[in-house]
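Quick note: the coordinates plus some simple rules give every number you see, no bench work behind them. Just so it is clear, the structure is predicted and the values come from calculations on it, not from any experiment.
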């Protein structure tokens with residue numbers, strides 16, 4: 001049908017003529033209420049966005065000299081975060097002369113990760129940064 005006839009039919013129905021496939025030969029058009037179509041599209045995108053699970057990265061900071069009770073408390077926190085489905089960034093902060101003992105910090109971090117009862121995957125390996133070492137773990 002000619003574009004003029006299509007526009008005339010669209011005006012009679014008080015609707016819009018929307019080009020669906022401009023690259024087709026001949027171009028494909030559709031008669032619809034475009035405002036209603038846009039509203040439905042935005043409503044659908046809002047619903048899909050609301051259904052998405054937001055995964056946060058929670059942080060836990062330790063030190064080389066952190067006591068056993070405090071380590072247990074931090075371990076329980078990390079397990080709680082993993083149960084909720086969040087990723088956990090575990091950091092060991094080194095101060096002053098402790099920076100020369102990164103081997104102790106690495107061993108402490110590995111011991112902390114082994115003590116976790118909840119199954120987890122190491123998403124980012126143990127990595128050094130100017131203030132110490134960190135690792136990111138995610139729930140399985």
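Table for the structure above
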item	result
Shape category assigned to region 30-98 from the gyration tensor of Cα positions, a/c cut at 1.5	prolate
Given (i) 14.4, 54; (ii) 28.8, 84; (iii) 13.9, 38, the label whose value is Rg and Dmax of the Cα atoms in Å derived from this model	(ii)
Global size of region 57-139 as Cα Rg and Dmax, reported in angstrom	12.0, 37
Cα gyration tensor, region 3-51 - rounded (a/c under 1.5), prolate or oblate	oblate
Structure-based [θ]222 nm, the chain - -39500 (n - 2.57) summed over DSSP H runs of at least 4, per residue, nearest 500	-13500 deg cm²/dmol
The chain: most fluctuating residue of 24, 50, 78 per GNM, C-alpha cutoff 10 Å	24
Helix 3-12 axis, angle to the chain major axis (alpha carbon atoms, nearest 10°)	90
